[in-house]
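Below: the structure, in structure tokens.
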Amino acid sequence: MQPWPALLEFDKNHVWHPYSAIPPKSPPIAIVKTQGSILTTADNQQLVDGMSSWWATLHGYNHPAILKAMHAQLDTMPHIMFGGLTHQPAIELSQRLVELTPEPLNQVFLVDSGSVAMEVAIKMAMQYWKALNQPNKHKLMTVRNGYHGDTFATMAICDPVNGMHGLFEQQLSQHIFAPAPTQGFELDDNQHTDIQAVEALLKEHHSSIAAFTIEPIVQGAGGMRFYRPDYLKQLRQLCDQYNVLLIIDEIATGFGRTGKLFASEWAGISGDIMTLGKTLTGGHISLAATLTTQKISQAISNPLTPSIPNILAHGPTFMANPLACQAAIANIDLLLSTHWQADIQRIEKQLAEQLKPLADLDLVKEVRVLGAIGVVELTRDDLGQPIQDECVANNIWIRPFGKLVYTMPAYNIPDTQLKQLTTGIVKAVESISNPIDN
Ligand SMILES: *Cc1c(COP(=O)(O)O)cnc(C)c1O
């Protein structure tokens, strides 16, 4: 291996990182090893991981049960095309997904990333209405502050500001946006106003709307906002009433993060289409899935209009990669064999107790915690980098964006490391806050 200074010099001048420039405004930290909830840097610093590699890691890095399954698959068949061929890892993963996801989701499409899973979801919805000879239903509806991916179809349903719609104005499809739900997670039966805006828009536009897309209970990258299960329940009813499909994006929330196996379970509902990603392999390798109902797969496979192809028009090269499917099977079996609900409650309690005092600072707008997700929303959006630097100085890995300092640790993070994480966040926010307060 070349010496680190040379590698980092090349990285700086040639390698793009997410949403960054070349060279980047601040250099990335080189990581040489991961284990459990610990990242080891090239300088041999040990950081407690608060990000789970963007929601993905559930049982920490390099979990032996997942590695074992992957090693075995690696030796027999790391990859094979899925066109005309099939294999046990894809079938057994699909069995688990059909069994675990809410009824009536039982048709599975396996892809390589979350954005692509959403693209497939959108295609399913569009093809469904075309197959039923209702081609006018080709628009999407969603809420503001959402995030569904970085490809063109998904960007068009991301929050118009966060999703940089201005930059791609001419290329993006125009869809219908309702205001984001505002009422937080806690149930308050007296306030049902959020959903009224959705109903008004559906009433007006339903004849052109194919599907409504939403992240259940937690809006992730578009604002780290939580909303009431009741909202989702009413949305499900409205979609039925106005003959609009509901696409539930569980890419961030799937597999336990909010305290339910799937966040849509808080509302006791199911989408007509559901996407899974990030958490599917417990953060070990890229894989995502789009599930739908037999009603939709049958309509697509038997179109009323003869001129329409009777197939779902998608098929990526690496779909259903056996190595990734095997990692996902091991991840799911591991999750179901642990007391994950108790772990989520333990983390939720600790995050709430230790982060809530930050709400007293002028710099902090709100602290909110749901399941194993802790969010400190600041009043300013220009402090992410200094707070990240402070966190690293405190030996923890946190990557704020905009006004949001947030953490979603692995479910099995030891108490001592969780304490280190929350203490590190509190210290970092306080130290940035003090010079401002004084
Ligand atoms: C991350 C994310 C996506 C996109 O997944 P990628 O694997 O990054 O393409 C879509 N929807 C939600 C809710 C996400 O959090």
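Determine the dipole magnitude for the chain: charges of +1 sit on the beta-carbon of Lys and Arg, -1 on that of Asp and Glu, nothing else is charged, the reference point is the Cα centre, and the result goes in debye to the nearest 20.
Numbers: 29 positive and 41 negative charges, 135 e Å.
In total the dipole reaches around 640 debye.
Using the 1.4 Å probe convention, the accessible area of the chain works out to 45 Å² per residue with neighbouring protein chains retained. Computed about the Cα centre, the dipole magnitude for region 1-153 is approximately 540 debye when only Lys and Arg (+1) and Asp and Glu (-1) carry charge, each at its Cβ. A simple packing score, the average count of other Cβ atoms within 10 Å per residue, orders the peptides 148-158, 416-426 as 148-158, 416-426, with the highest score first.
Would you list Ser52, Ser173 from the most to the least accessible area, probe 1.4 Å?
Result of the area sort, largest leading: Ser173, Ser52.
Taken as Cα centroids, region 308-333 and region 195-264 sit 25 Å apart, rounded to the nearest whole angstrom. In this structure Trp54 has an accessible area near 120 Å², from a 1.4 Å probe over the protein heavy atoms.
Over region 252-300, the fraction of Cα-Cα pairs per 10 Å bin, rounded to whole percents and listed from the shortest bin up, is 25, 45, 27, 3.
Summarised as an ellipsoid, region 77-337 has semi-axes of 28, 23, 17 Å, derived from the eigenvalues of the Cα gyration tensor scaled by 5 and square-rooted, with the largest first. Each peptide in 285-292, 302-309, 353-360 gets a packing score, the mean of other Cβ atoms within 10 Å over its residues, and the list from highest to lowest is 285-292, 353-360, 302-309. The charge dipole of region 77-337, taken about the Cα centre with unit charges on the Cβ atoms of Lys, Arg (+1) and Asp, Glu (-1), comes to about 420 debye, rounded to the nearest 20.
For the residues Ile38, Ile214, a 1.4 Å probe over the protein chains yields an accessible-area ranking, largest first, of Ile38, Ile214. Lys/Arg Cβ at +1, Asp/Glu Cβ at -1, dipole of the chain taken about the Cα centre: which of Trp16, Tyr231, His138 is farthest positive-ward? Checked the options; the winner is His138.
Take every Cα pair under 8 Å whose residues are at least 6 apart in sequence, average their separation, divide by the length of the chain, and the relative contact order is 21 percent. Between Gln241 and Leu67, the FRET efficiency from the beta-carbon distance, with R0 = 41 Å, is close to 0.30.
Looking at region 10-82, the trypsin sites (Lys or Arg not before Pro) that sit in a DSSP loop and have at most 12 other Cβ atoms within 10 Å of their own Cβ are Lys25. Could you state the number of Å between the C-alpha centres of region 98-120 and region 1-57? Taking the Cα centre of region 98-120 as reference, the centre of region 1-57 is 31 Å away.
Measure off, as a whole percent, the carbon and sulfur share of the 1.4 Å-probe accessible area of region 77-337, all protein chains present.
Numbers: 5550 of 10410 Å².
Using a 1.4 Å probe with all protein chains present, region 77-337 comes out at 53 percent carbon and sulfur.
Label point 7 Å out from Ser207 along Cα-to-Cβ: which residues of region 233-276 have amide N under 16 Å? Only 242-244 fall inside the zone, counting backbone N under 16 Å. Rounding to the nearest 10 and keeping the result within 0 to 90°, find how far the Cα-based axis of helix 194-205 lies from the longest principal axis of the chain. The answer is roughly 40 degrees. Considering helices alone, the calculated mean residue ellipticity of the chain at 222 nm is -11500 deg cm²/dmol, with DSSP H runs of length four and up weighted by -39500 (n - 2.57) and normalised per residue. Mind pulling the angle between the C-alpha long axis of helix 229-241 and the longest principal axis of the chain? Nearest 10 degrees, somewhere in 0 to 90. The angle comes out at about 20 degrees. The value of relative contact order for region 77-337, using C-alpha pairs under 8 Å at least six residues apart, is 30 percent. Sorted largest first, the principal axis extents computed over the alpha-carbon atoms of the chain equal 67, 57, 45 Å.
Given a 1.4 Å probe and the protein chains as shown, Leu172 ends up with an accessible area of around 10 Å².
Between Asn395 and Leu167, the FRET efficiency from the beta-carbon distance, with R0 = 35 Å, is close to 0.40. Angle of helix 415-437 to the longest C-alpha principal axis of the chain, folded into 0 to 90 degrees and rounded to 10: 80°.
The values are calculated or read from the model by the stated rules, or taken from the named source; none is laboratory data. Just so it is clear, the structure is predicted and the values come from calculations on it, not from any experiment. Because the Cβ atoms are built from the backbone with ideal geometry, glycine has one as well, and the counts that use them run over all protein chains shown. Side chains are part of the model used for accessible areas, which takes the heavy atoms of the whole protein and leaves out ligands, DNA and RNA. Shrake-Rupley method; radii C 1.70, N 1.55, O 1.52, S 1.80 Å.
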